[in-house]
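Right, one structure below, let's go through it.
All of the numbers you see were taken from the coordinates with simple rules; none came from a lab. Just so we're clear, the structure is a prediction, and the values are computed from it rather than from any experiment. Positions of Cβ are generated from backbone atoms using ideal geometry, with glycine treated the same way; all protein chains shown enter the neighbour counts.
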Amino acid sequence: MNRDKLLRQWLPESISLNPIGRNAEEIWIEEFDKIYLQFFDSVMEIQKADISSLRGFGELTENQQPEYASFHEFITETFADNKENYWKNWRELFDTSLMTKEFFDTYYEKMLYYSRYCEEQRYFTNNSLFFGNMVIMDHSVGFMDWSRAAVTDWLLDFACMDLHRPYFLIPEKLAPYLRERGIEAENFRERFLCMAYYKGLDGLRWHASIQDDTSCKTIMESIGKLEKRIENL
């Protein structure tokens with residue numbers, strides 16, 4: 001069965017797979033501050049997906065199953081450099097790009113440290129929730145691209161949003177939102193940092209590989225400031 005049909009089986013009916021509206025890439029801080037609840041409510045619907053037929057963690061492969069048996073394997077194998085794919089020997093980028101080994105290793109170790117808080121978190125995630133992949137509709141937000149759908153901690157999707165627009169203050173808004181909605185998010189800070197470092201390092205590696213120095217600088221700055229931003233949430 002193809003991915004689209006399975007998505008319709010897994011995801012709640014409230015999520016449109018063919019959203020029509022305004023691309024969220026267009027909005028700025030002032031508008032987001034007025035409608036962020038619409039975004040958060042829609043993203044939280046994703047984690048209601050029925051994943052009883054899915055095993056393990058990570059992005060779905062061609063057989064529509066997650067690739068890895070454990071969360072730890074998922075986040076560590078993502079950065080393996082001995083695979084026969086685009087990322088083979090990717091660590092050579094330390095010598096040819098703005099991504100330094102010292103920076104990468106620092107936040108990779110932090111990711112591993114915080115990963116203990118994510119081990120039991122298995123939820124369906126879009127895994128590509130950048131604002132250009134979201135559509136603002138009348139009363140909800142739709143998601144256009146599910147090609148990187150994964151099973152992992154649901155905070156990954158919010159970490160994606162924050163990586164794209166750190167000045168929108170996603171975790172700073174999300175923590176009180178969850179409390180007000182009565183949504184359990186034990187170890188929120190630790191889990192958010194793990195997912196943010198995972199997604200940030202993966203994004204940094206990509207932009208380093210295409211010699212996008214501007215994005216590399218932006219991502220490193222965002223990653224470096226995040227722990228301070230959310231230390232008291």
Using the Cα centre of the stretch 87-205 as the reference point, and only Cβ charges (+1 on K/R, -1 on D/E), how large is the resulting charge dipole? Debye, rounded to the nearest 20. 100 debye
Taking 0.36 nm per intervening residue step and subtracting the Cα-Cα distance, what contour gain separates Met137 from Tyr167 on full extension? 8.5 nm
Suppose each label sits 7 Å from its Cα in the direction of the beta carbon; what would the Leu17-Ser215 distance come out to in nanometres? 2.8 nm
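Net charge within 11 Å of Ile75 by Cβ-Cβ distance, Lys/Arg positive one each and Asp/Glu negative one each, not counting Ile75 itself?
Working: positive: Lys199; negative: Glu73, Glu77, Glu119, Asp153, Asp202.
Spelling it out: positives minus negatives among the neighbours equals -4.
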Quick check for me: using +1 on Lys/Arg Cβ and -1 on Asp/Glu Cβ, what's the dipole size of the chain about its Cα centre, in debye to the nearest 20? 140 debye
Can you put Arg189, Arg3 in order of Cβ neighbours within 10 angstrom, beginning with the fewest? Arg3, Arg189
What FRET efficiency do you get for Ser70 and Trp28 if R0 is 45 Å and r is their Cβ-Cβ distance, rounded to the nearest 0.05? 0.65
Roughly speaking, what is the stretch gain from Leu6 to Lys88, that is 0.36 nm per residue apart minus the C-alpha to C-alpha distance, in nm to one decimal? 26.4 nm
